[in-house]
1. Can you give me the C-alpha center-to-center distance between the range 222-238 and the range 111-178, rounded to a whole angstrom?
2. Under a plain spin-label model, where a point goes 7 Å from the Cα along Cα-to-Cβ, how far apart in nm are residue 242 and residue 68?
3. Taking the Cα-to-Cβ direction at residue 253 and at residue 207 and moving 7 Å from each Cα, how far apart do the two end points lie in nm?
4. Taking Cα pairs under 8 Å and at least six residues apart, what relative contact order does the chain come out at, in percent?
5. For the residue pair residue 118 and residue 3, what label-to-label distance in nm results when each label sits 7 Å from Cα along the Cα-to-beta-carbon direction?
6. Among 123, 63, 189, which one shows the highest mean-square fluctuation when the chain is modelled as a Gaussian network with alpha-carbon springs under 10 Å?
7. Using Cα-Cα distances under 8 Å and only pairs 6 or more residues apart, what relative contact order does the range 172-249 have, in percent?
8. If you restrict to DSSP beta bridges whose two residues both lie in the chain, what percentage is antiparallel, to the nearest 5?
């Protein structure tokens, strides 16, 4: 028997939605705070609160801006078209721009549990490789103005902490709803999914039902790509618990990522039928 995590990305996925869903499914915010705090990066504060989206109660995870003490995805500089906690267009140019090597050094020096440190570094490498391919440079030369602000480092380490707390043997995800339209970022106005998001999700089943907005962000895409063995229908399992991670915006659908934790009824997950979307 295996303990399985299944993520339903029918409303997309971002870093804060991923963390919120896993907290809602049973991960400890105190332990997440301890792990993120161990990075020694000044100014990081985390908050989680219960919210309701279209009648569904879930957890909204926030990284607070060190200057304003408000959630980074609710600052005035965030473009109204932006997604919940995605790392596009926050306009936080006062946050230091960090390169991959510097971020890996911060993670490497922190007294994190080895699996959390390894996975956080792995997610950042995946992001850097995608950004480098999109911008025609090397991963070491990528500066994370999109995803390297304080909130992305916090989101990714928090996500890895919460994932390991759930003690799952494997993770799976639904096809990813990416949204449609455009998003404003440091490079100007780009189509949705943003180029880095599309690069990260190469080979992954994605769709849009016409809902306007950036439903899948680069950080969210990197987390599901890194942790999930595959993308399709929910595998056979007995449900042990579930949680909902809320986004910030109302797209006319419950703006939530659902996490379902269960025990597989079979030794190996049965063949999956891809969702029609």
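Values quoted throughout were computed directly from the atomic coordinates according to the rules given, and no laboratory measurement underlies them. Computed from a predicted model, the values in this text were never measured in an experiment. All Cβ positions, even for glycine, are placed from backbone atoms using ideal geometry, and neighbour counts span all protein chains on display.
1. 16 Å
2. Inter-label distance under the simple model: 3.5 nm.
3. Taking the simple label geometry, residue 253 and residue 207 are separated by 0.9 nm.
4. About 34 percent, as a whole number.
5. So the two model labels end up 1.7 nm from each other.
6. Among 123, 63, 189, the largest GNM mean-square fluctuation belongs to 189.
7. 39 percent
8. Of those bridges, close to 70 percent are antiparallel.
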